[in-house]
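First up is the structure itself, then whatever we jot down about it.
The values are calculated or read from the model by the stated rules, or taken from the named source; none is laboratory data. Every value quoted in this text rests on a predicted model; they were computed, and no experiment measured them. Here the Cβ positions follow ideal geometry from the backbone for every residue, glycine too, while neighbour counts run over all protein chains shown. Surface accessibility is based on the protein's heavy atoms, side chains included, excluding ligands, DNA and RNA. Shrake-Rupley method; radii C 1.70, N 1.55, O 1.52, S 1.80 Å.
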Amino acid sequence: MAAYSRRMCGRDTLFATWAQVRAFSQPLPVLTPEAEPEPTWNRAPTQRGWAIVAHEDGGEAHEMRWGLLPPWAKDTKLAYSTINARLESVAEKPAFRSAWKQRRALIPSTGYYEWMQLDAKTKQPHFIHLDGAPVMFYAGLWERRSDDADNELLTYSVITRAADQTVETVHDRMPLILPPTVFADWLHGTADEAMEIAQSVPSAPLVFHKVDRAVGNVRNHGPELIEPLVQ
């Protein structure tokens, strides 16, 4: 069996349209901007992404920076260690516990990259996505604070869990992927209800394939990055 790093790698994609996001978020109504989201093929920590937050009886999409920053953080360096929040400790960790209680989010994604450790020196990237759907929704958290210029800064984190049998051969962690039937309760329910949801959701029908190592460079960006590796 391959060796694992203990942390989930932080790269994902979003090249779905808002119409697809709204369609696959039903029965939760989601308010989205008029302008389509710019496709992202290799999103990395501290870059911009989208998070759906609670709004009246539904949700609303906001652009945020990936890497949660609680109001008490002295600078933005913490963001590199808060791109993911482990489900097992999210309710107790100082960086996440306030957001867990009252600022949960849904993070729309078309798929994510993960690196399989082949040997001591070699890792093979894979693209992992939902089978039969153009978008999936990670469980997330979000925060609001001021940046260095005293402007509003919105940030988010993706909640992770132990990998299920579908993807554990690639990595031992995976995003917590939620089905649409629980979206409203996830955003609007209590922290206890959210934990019950997180611990009882069924495994998502994920599929994956090897991709070129070019994805390891954050400067590379384009649809060719998700193409199956030809060997």
- What net charge do the residues around A61 carry, taking every other residue with its C-beta under 12 Å from that of A61, with Lys and Arg at +1 and Asp and Glu at -1? -3
- Query: Could you give the accessible area per residue of region 22-165, probe 1.4 Å, as a whole number in Å²?
  - Reply: 47
- Query: How large is the dipole of region 1-158 about the Cα centre if only Lys and Arg carry +1 and Asp and Glu carry -1, each at its Cβ, rounded to the nearest 20 debye?
  - Reply: 740
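How would you rank 13-24, 67-78, 106-117, 129-140, highest first, on the average number of other Cβ atoms within 10 Å across their residues?
Ranked by mean Cβ neighbours within 10 Å, highest first: 106-117, 129-140, 13-24, 67-78.
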- Note on the structure: Carbon plus sulfur, as percent of the 1.4 Å-probe accessible area of the chain, comes to 51
- What's the angle, to the nearest 10 degrees (0 to 90), between helix 191-200's Cα axis and the longest principal axis of the chain? 30
- Message: Out of the trypsin sites (Lys or Arg not before Pro) in region 190-231, which ones are loop residues according to DSSP with at most 14 other C-beta atoms within 10 Å?
- Response: R219
- For region 83-142, state which trypsin sites (Lys or Arg not before Pro) are in a DSSP loop and have at most 11 other beta carbons lying within 10 Å of their beta carbon. K121
- Task: Note down the relative contact order for the chain as a percent, whole number, built from C-alpha pairs under 8 angstrom at least six residues apart.
- Result: 24
- Message: Nearest 500 deg cm²/dmol is fine: what mean residue ellipticity at 222 nm does the chain get from its DSSP H runs of n ≥ 4 alone, each adding -39,500 (n - 2.57), divided by its residue count?
- Response: -3500 deg cm²/dmol
